[in-house]
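Taken together, the values in this text are just the output of simple stated rules run on the coordinates, not laboratory data. For clarity, every value in this text was computed on a predicted model and none was experimentally measured. We place every Cβ from the backbone using ideal geometry, glycine too, and count neighbours over all the protein chains shown.
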Amino acid sequence: MSDAKPYQVLARKYRPETFADLVGQDAMVRTLTNAFEAGRIAQAFIMTGIRGTGKTTTARIIAKGMNCIGADGKGGPTTKPCGVCEHCVAIMEGRHVDVMEMDAASQSGVQNIRDAIIESVAYRAASARYKVFIIDEVHMLSTSAFNALLKTLEEPPAHVKFIFATTEIRKVPVTVLSRCQRFDLRRIEPEVMVALLRKIATAEGAKITDDALALITRAAEGSARDATSLLDQAISHGAGETTALQVRAMLGLADRGRVLDLFDMIVKGEAAAALAELSSQYAEGADPMAILRDLAEIAHWVSVIKITPDAAEDPTIGPDERVRGRSMATDLPMRVLTRLWQMLLKSLEEVSLAPNSMMAAEMAVIRLTHVADLPTPEELVRRLQDAPPPPKGGGGGVRMAPSGTQTNVQSGLPASTHRGPSGPSAHGAQTAVALSAHALARYETFDDVVALIRAKRDVHLLVEVETSLRLARYQPGRIEFTPTPDASPDLAQRLGARLQMWTGTRWGVTVVNDNTAPTLAEARDTTATALNAAAVEHPLVQAVFKAFPKARITAIRTEAAREITAEAEALPEVPDEWDPFEED
Ligand SMILES: [Zn+2]
């Protein structure tokens, strides 16, 4: 007992100590290593990225690398700080006199930072090679502090280095940015994260199943620190192997397979079954908010698989689920998925505000089962075109009403046993979809590019691309087009920049003259007009409107230009307040 070391949280114990330990940040590590080896260490660095990607940890490692003297006291700047010399040790413990860590987000910080910088740049480092200022959340600095900083950055004394970190790079003045070497720290990819967690678990002698690690990875959303903390909680739960079941309970999550079941029931309009399933997951401890969040995540995931089939290959998702995801992506029209997503977002808000979250979740599920099952205007037209002519007296071969409305929803309501408080709040689990690396292979046609813009929800760019771009030539990575007269002059440049940002690969986007191909909107307009004419003339459409008085065909427009972006609008307009009981 006496020789037991004090317990150290895993996130601290396994905090990276050298560049080699920085998982998932290969590009940055390579650039830094080259710069150090060439003896060209920048005057100032700026790290940006979401919380938990290791910005301050990286800053400390760089500070160590600059000041390390090696175990023998004779070494120079290095990317492999020894970790044992006086400087390494003091920096890692945050108590080196020449390495000043400051947080611009703290009240007292701003004034101190300004004074500290002005005063201390005038003097040489006390014991280390460089005086290093590490300033966290640098975007929070006051104008006067930035001015003081700029003065120093303009005429930097050789013994002073700055390492800035920020979650909001856009708020950092360009004058400062332009004097820094910038690194964008990425969310850690699921594969890398799972491997990291496995390594830590093994080092700790802890047993944990693969699917439990996958759940933790998903919940951590790319943050190594969050993932390590969750692992810490999970393996401290008790003896024996930690299972997915335990992790789910810890996170307040329902079984993913069962959430998929629920999703399936909803899209099939099986209201009673969906309510029973929801109720049973709740009884087993799942938080209604977490269940809805999972449903939204599935709607998003299936949509992404539809556009990018590779997205199904996420290592945090089990093989059975991948198969189900792929088949849903094939079966479900994008409009249903988009509509589900929108309604789920709205429901999440309602559930978070409702006094009884389970009741609100039930109402959401009832509503979802109805709307998800409505045929879209496109389907309707297709069905009508395929259908045999109606027999006299109305009716016909088309099923008009969603099956959900035929269920006696009232009897499907579980007894109201949900008076308790909602379960523990869970960490949002959003699948981080990687659209990078082997990016170009996924953009075989220009349609794939448009789908990407849509998936990224850049509505402004989407409208421009659909209405102002006459495509001349396309190959993955290269786009040539003639702009319409009213096109924005920097469209090519912005499109290129966006695609590069999203795919991680350079795109050549050039303007050529005299191409007269129709824009996407023009092409669609032509098709829509034809469809519309066909649809309206069909006698069955009249029957549809009779059976479905609240449905309107709103997708087929003659003025496509400003409307096209609102995919979801293309659904029959069923008010969200639609009362499922009114048809009984
Ligand atoms: Zn050292």
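Across the cross-link table entries Lys13/Lys207; Lys13/Lys131; Lys55/Lys151; Lys55/Lys207; Lys55/Lys199; Lys131/Lys151, which are compared at the Cα atoms, the separations over 20 Å belong to Lys13/Lys131; Lys55/Lys151; Lys55/Lys207; Lys55/Lys199.
Sorted ascending by nearby beta carbons within 10 Å, beginning with the fewest, Glu241, Glu321 become Glu241, Glu321. The HN-Hα couplings worked out from phi for the range 89-94 by the Karplus form 6.51 cos²θ - 1.76 cosθ + 1.60 (θ = phi - 60°) are 4, 5, 5, 5, 8, x Hz, whole numbers, x standing for Gly and Pro. Ranked for footprinting exposure by Cβ neighbours inside 10 Å, fewest first, Phe446, Phe183 give Phe446, Phe183. Backbone amide hydrogens, once placed in the peptide plane, bring Ile46 within less than 5 Å of Phe164, Gln181, Arg182, Phe183, excluding anything fewer than 5 places away on its chain.
The string of couplings for the range 146-161 from the Karplus curve (6.51, -1.76, 1.60, θ = phi - 60°) is 4, 5, 4, 5, 4, 3, 5, 5, 6, 10, x, x, 4, 8, 10, 10 Hz, one whole number per residue in order, with x for Gly and Pro. Computed 3J(HN,Hα) for the range 326-339, one whole-Hz value per residue from the Karplus formula 6.51 cos²θ - 1.76 cosθ + 1.60 where θ = phi - 60°, is 5, 6, 5, 4, 6, 7, 8, x, 4, 5, 5, 5, 5, 5, glycine and proline marked x.
Seen from a random direction on average, the alpha-carbon convex hull of the range 194-254 projects onto 3.5 square nanometres. When Tyr282, Tyr123 are arranged by Cβ crowding within 10 Å, least crowded first, meaning fewest neighbours, the order is Tyr123, Tyr282.
Pairwise Cα separations in the range 1-155 fall into 5 Å bins from 0 onward with the following percentages, short to long: 1, 8, 16, 20, 20, 16, 11, 4, 2, 1, 0, 0. Close amide H pairs (under 5 Å, H built 1.01 Å from N) link Ile479 with Gly508, Val509, Thr510, residues at least 5 positions away or on another chain. Annotation: amide H of Leu469 within the under-5 Å range of Thr484, Leu520, sequence separation 5 or more or interchain, hydrogens built in the peptide plane.
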